[in-house]
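Following: one structure in structure tokens, then a few remarks.
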Amino acid sequence: MDNLQSQISYAGDFTEGGEAIAYALMVLAREGAASIGDLRYYADAKAEAFATAMAKAQIGAALANYGEQRRADAMFRAAAAHAKETEPELRGWRHDYGSRLRDGAAVLALAAEAGSDVMSDRVLLSAVADRAKSEAWTSTQEKVWMLMATAASLDQAGQALTVAGKPIKTPVVSLDDNAALAGQSVEIANAGPATDAVLTVFGVPEAAEPAGGRGYRIARAYYTLDGEPATINTVAQNTRLAVVLTVDADRSDQGRLMIEDPLPAGFEIENPNLLRSGAVQALDWINALEEVEMAEFRADRFRAAVDASGGRFRLAYIVRAVSPGTFHHPAATVEDMYRPEFRAWTDSGRIEVVSGTPK
């Protein structure tokens, strides 16, 4: 809270932007720690300067917490008008992790929480629903805010949707697996106005998906610590190997990427403290990227976040084969966290760890 108050105290003037200011004021207002003078100033003098619909809605939410409903409603109307704009989405990632879809859903959720009448704006609801239906993939930000907006719309819709004759009381309903397996139908009915429902199906593929992707390519290779290529169909117990992940971008614009490499169950990552002290850098033949936003050496996977702008980069870490057996070798993946339609994955396979000398 002190940090957020300091950010507001030292915030400079702006003609476009202000996303961090709007977020900080919303959080402070929920705790009764925002200055009402600051809120009134940003609503009266800077309403149109905020660069995103979500930022305008956050100022509205902050004002509503202080009982300033007239100003709050004005900010929510401005946010709704901004969210309904139809010009194309800007390419490249946004520093606030957002998108038009995320912002529109946030306006709906925040307005409903504040008791504003923006939720009755059918044009805004339709715009958000149309964007959601047009996206084959959605980011974590988009998913969470759409879920919150759905929960808010259920309250306002009077629970008009029913599943198997029962009113929906939560934004997510899990259908009975046993009924589905038995071939029984499940009726979804709507007694209210036009409503969109999304059916999500989970399953296990019969065959592993081949390597592929869109926008990026990723390759995984194993080497001995001397730099010689290693085959890993069969690996001797206690063998140490360098894993090299190579990512190529088929696009020139920037992306905030998450690279994830799940380990076969018989492997573990070599002591990450040794890695941080320079064990990987000592293997200079790898030519691996050293500056990453985040790296995690988990018990079951390696993860790294990289801000990239086209071209190629490599990541590396060291593993040891520890448990004899035959194990599934999951695919390594790269994903643009805020435009998840751009992603790639390697082949998957199987690995055998044997005691003694490999076959």
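The values are calculated or read from the model by the stated rules, or taken from the named source; none is laboratory data. Computed from a prediction, not measured in an experiment: that's the story for all the values here. Note: ideal-geometry Cβ built from the backbone for every residue, glycine included; neighbour counts use all protein chains shown.
Considering segment 312-359 alone, what residues qualify as being in contact (Cβ under 8 Å) with a residue 60 or more places away in the chain, among the polar types (S, T, N, Q) and touching an Asp or Glu at 6+ places or on another chain (Cβ under 6 Å)? THR333 - this is the single residue of segment 312-359 that is in contact (Cβ under 8 Å) with a residue 60 or more places away in the chain, among the polar types (S, T, N, Q) and touching an Asp or Glu at 6+ places or on another chain (Cβ under 6 Å).
Pairing residues of segment 183-212 that are touching a residue at least 24 places away in the same chain (Cβ under 8 Å) with residues that are surrounded by 10 or more Cβ atoms within 10 Å (Cβ to Cβ) and of a type in the set (Ser, Thr, Tyr), at Cβ distances under 6 Å and at least 6 apart in sequence or on separate chains, gives ALA189/THR162; ALA208/SER348; ALA211/THR346. Residues in segment 296-347 that are closer than 30 Å to ALA136 by Cα, small (Gly, Ala, Ser) and out of contact with any Ser or Thr (no Cβ under 6 Å at 6 or more places or on another chain): ALA304, ALA305, ALA308, SER309, GLY311, ALA344. Taken over segment 213-236, the residue count meeting the criterion of being at pLDDT 90 or above and on the phi > 0 side of the Ramachandran plot is 2. Considering ASP253, ASP261, ASP248, the condition of being surrounded by 12 or more Cβ atoms within 10 Å (Cβ to Cβ), within 30 Å of ARG94 (Cβ to Cβ) and modelled with pLDDT under 85 is satisfied by ASP253 alone. Give, as residue ranges, the strands (runs of 3 or more DSSP E) completely inside segment 296-338 that count at least 3 residues that are within 21 Å of ARG256 (Cβ to Cβ). In segment 296-338, the matching strands (runs of 3 or more DSSP E) lie at 301-309, 312-321, 333-336.
When you check ASP73 against the structure, is it free of Cβ contacts under 8 Å to residues at least 60 places away in the same chain, out of contact with any strand residue (DSSP E or B) (no Cβ under 9 Å at 6 or more places or on another chain) and not hydrophobic (A, V, I, L, M, F, W, C), yes or no?
Details: free of Cβ contacts under 8 Å to residues at least 60 places away in the same chain: yes; out of contact with any strand residue (DSSP E or B) (no Cβ under 9 Å at 6 or more places or on another chain): yes; not hydrophobic (A, V, I, L, M, F, W, C): yes.
So ASP73 fits the description; yes.
Evaluate segment 197-218: report whether one residue or more is among the aliphatic types (A, V, I, L, M) and in a strand (DSSP E or B). So far as segment 197-218 goes, yes, one or more of its residues are among the aliphatic types (A, V, I, L, M) and in a strand (DSSP E or B). Of all residue pairs spaced 6 or more apart or on separate chains, those with beta-carbon atoms under 7 Å, a first member in segment 88-106 that is assigned by TED's automatic domain parsing to the domain that holds ALA78 and within 17 Å of LEU124 (Cβ to Cβ) and a second member that is assigned to a loop (DSSP other than H, G, I, E, B) and at pLDDT 90 or above are GLY98/THR52; ASP103/THR52. Residues of segment 94-117 that are in a helix (DSSP H, G or I) and under 12 Å from VAL128 (Cα atoms): ARG100, LEU101, ARG102, ASP103, GLY104, ALA105, ALA106, VAL107, LEU108, ALA109.
Residue-wise test of (1) over 28 Å from the mean Cα position of the chain (by Cα); (2) assigned to a helix (DSSP H, G or I); (3) buried (at least 24 other Cβ atoms within 10 Å of the Cβ).
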position	(1), (2), (3)
GLY32	yes, no, no
ASP44	yes, yes, no
ALA57	no, yes, yes
GLY60	no, yes, yes
ALA72	yes, yes, yes
MET75	no, yes, yes
ALA78	no, yes, no
HIS82	no, yes, no
THR86	no, no, no
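Of all residues assigned to segment 270-286, none qualifies as being modelled with pLDDT of 90 or more and not in a loop (DSSP other than H, G, I, E, B). Each residue in segment 130-142 was checked for being part of a helix (DSSP H, G or I) and either touching a helix residue (DSSP H, G or I) at 6+ places or on another chain (Cβ under 6 Å) or surrounded by 15 or more Cβ atoms within 10 Å (Cβ to Cβ) (or both), and 4 of them qualify.
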